[in-house]
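Let me begin by presenting the structure, written as structure tokens, before commenting on it.
A short reminder: the numbers here are calculations on the coordinates, not readings from a lab. All figures in this text were calculated on a predicted structure; none of them were measured in a lab. For neighbour counting, all protein chains shown are included, and Cβ atoms are generated from backbone atoms with ideal geometry for every residue, glycine included.
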Amino acid sequence: MQRIIFLIMFGMLLTLSACNKTEPVTTASSIAKEKSAAPEISVTSITDGSTLKLSDLKGKVVLLNFWATWCPPCREEMPSMMKLNSAMAGKPFQMVAVSMDEGGKPAIESFFKESGFNLPTYLDKDGSASKVYGLTGVPESFIIDRQGVLVKKIIGGIPWDSPDVASFLEGLMK
């Protein structure tokens, strides 16, 4: 009797696993690593719908930040990100804030309107950017140098407008 129950359970397990959506396999070797070339991604601007490829930003220091409107640490770091973005205006720097919101552009625009925040925001429509960067949650940020090398991965929110951050980024611009 126990053997029959085991066989039925095993058969159900096989059936259920066959019904799952198959996702591309992300191996440890395909996830972004510090001191390696930053993986290429394409994201869509919420402003005009244009596509931004990371490779288009070579020659600039890039702050690639993954965030969501529902994330308290993301909300907390946003004012300092806005200050940093303003302080870096006119320098070889580009902030790329990639929203992970399922509500897409309408959710982000509503959040910006209610909060008064505003950042150069993009969508990862198919989730490929978050996969290749090995996201474990939000916020997660990646600093990429002018040659396209991933210099630093930061998990969690930080005060982006601190003098140490500005000094670090400006050092990468030389």
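Listed cross-link partners K105/K174; K33/K113; K33/K60; K33/K91 are compared with a 31 Å cut-off, the Cα-Cα value being larger for K105/K174; K33/K113. When the alpha-carbon atoms of segment 20-174 are used, the pair Rg, Dmax equals 14.9, 49 angstrom.
Taking the Cα centre as origin and putting +1 on Lys and Arg beta-carbons and -1 on Asp and Glu beta-carbons, what dipole magnitude results for segment 30-173, to the nearest 20 debye? Walk me through the intermediate numbers first.
Values: 15 positive and 17 negative charges, 78 e Å.
Roughly 380 debye, rounded to the nearest 20.
When peptides 71-80, 109-118 are sorted by average Cβ neighbour count within 10 Å, with the highest value leading, the order is 71-80, 109-118. Residues whose amide H lies under 5 Å from that of A38, counting only those 5 or more places away or on a different chain, are V149, L150; hydrogens are built 1.01 Å from N in the peptide plane.
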